[in-house]
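Peer 1: Just dropping this structure here.
The values are calculated or read from the model by the stated rules, or taken from the named source; none is laboratory data. On a predicted model such as this, the values are computed, not experimentally measured, just so you know. Here the Cβ positions follow ideal geometry from the backbone for every residue, glycine too, while neighbour counts run over all protein chains shown. Surface areas here come from the heavy atoms of the whole protein model, side chains and all, with no ligands, DNA or RNA. Shrake-Rupley method; radii C 1.70, N 1.55, O 1.52, S 1.80 Å.
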Amino acid sequence: MITVGLKKVTIIAEAVLEARLLNEIRALGATGFTVGEVRGEGSRGVRASDWEGDNVKVETLVGAGTADRILAHVAAAYFEHYAVIAWVTDVQVVRGDKYLNPSDTEPR
Amino acid sequence: MITVGLKKVTIIAEAVLEARLLNEIRALGATGFTVGEVRGEGSRGVRASDWEGDNVKVETLVGAGTADRILAHVAAAYFEHYAVIAWVTDVQVVRGDKYLNPSDTEPR
Amino acid sequence: MITVGLKKVTIIAEAVLEARLLNEIRALGATGFTVGEVRGEGSRGVRASDWEGDNVKVETLVGAGTADRILAHVAAAYFEHYAVIAWVTDVQVVRGDKYLNPSDTEPR
């Protein structure tokens with residue numbers, strides 16, 4: 001089975017941010033994504049406010065370079081004022097070369 | 001805590017494929033799965049058509065041998081004509097030996 | 001992009017267990033979580049009964065020490081009498097140091 005090592009970027013955000021966030025990750029090089037509904041609760045750490053309520057869970061499979069750009073953007077654009085969480089998981093994707101774009105580093 | 005290294009196979013597919021897909025992964029050795037609803041959008045890469053709409057996200061914990069068989073089947077049966085995405089993540093499962101079947105290679 | 005290596009603990013459980021489970025993982029050191037709805041089917045392995053129906057999927061990002069405590073608790077409290085599945089995935093979390101608590105081992 002031919003698989004390619006990619007990065008799965010997961011972003012949990014308030015539902016109201018969905019459209020804006022999807023436009024931004026498309027612009028940063030993601031070629032597709034899925035969105036699911038989750039309920040969440042958490043402490044934001046830096047700020048006193050807690051978050052709780054309806055959220056979207058956005059997942060996108062991308063190369064390492066695109067993953068870095070998405071995470072850097074999310075941190076810079078949202079972390080100060082919104083309850084957003086973002087993480088990366090290493091995954092092996094069937095025929096995953098289709099998800100790479102020219103800016104991505106070599107698949108591993 | 002005793003955990004066993006297994007493969008989590010995730011498949012995103014059009015909702016209409018759910019019943020067929022679940023029958024097939026059972027037949028290939030998966031002993032259980034979960035199904036969630038996601039919305040998706042993407043480019044299929046090989047073909048000109050894009051996909052967008054309601055999808056199911058199927059997840060199953062299996063041994064490495066079963067994971068390979070599921071991925072090979074999904075690629076052969078669906079990739080040409082359907083918008084299906086499949087990937088594998090390494091996970092550590094509590095009492096995960098129950099998810100292995102005799103055809104699986106040694107857990108890692 | 002500054003990320004911290006954390007553990008994502010995922011627990012699939014009957015929906016009726018949600019409130020109890022969330023209280024317990026908070027008490028064990030988790031600072032936040034998301035909950036989504038999934039349908040599931042599976043064999044419990046040790047016991048003859050199968051499970052099938054509506055489940056919750058709880059995810060929490062924690063340090064290695066907290067992950068171990070949550071998994072040990074879930075196994076001891078639920079595995080004999082309930083259809084509960086729990087696993088851990090290594091993830092890289094943006095500004096993930098906020099999710100650690102003093103009992104966690106050094107982030108990796």
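Peer 1: Pull out all pairs, ordered by first then second residue, where Cβ-Cβ is under 6 Å, the residues are six or more apart or on different chains, the first lies in segment C:27-54 and is open to solvent by 90 Å² or more (accessible area, probe 1.4 Å), and the second is modelled with pLDDT under 70 and among the aliphatic types (A, V, I, L, M).
Peer 2: Close Cβ pairs (under 6 Å, with a partner that is modelled with pLDDT under 70 and among the aliphatic types (A, V, I, L, M)) do not exist here.
Peer 1: Residues in segment C:8-23 that are open to solvent by less than 40 Å² (accessible area, probe 1.4 Å) and either charged (D, E, K, R) or touching a residue at least 60 places away in the same chain (Cβ under 8 Å) (or both): how many?
Peer 2: So the count comes out to 8.
Peer 1: For residues in segment C:79-102 being of a type in the set (Val, Ile, Thr) and in contact with a helix residue (DSSP H, G or I) (Cβ under 6 Å, 6 or more places away or on another chain), which is farthest from the other protein chains (Cβ to nearest Cβ)?
Peer 2: Step by step, filter segment C:79-102, then rank; the result is C:84.
Peer 1: Then there's this: Report, by residue number, each residue of segment C:59-73 that is under 22 Å from residue A:10 (Cβ atoms) and surrounded by fewer than 24 Cβ atoms within 10 Å (Cβ to Cβ).
Peer 2: Residues satisfying the conditions are C:59, C:64.
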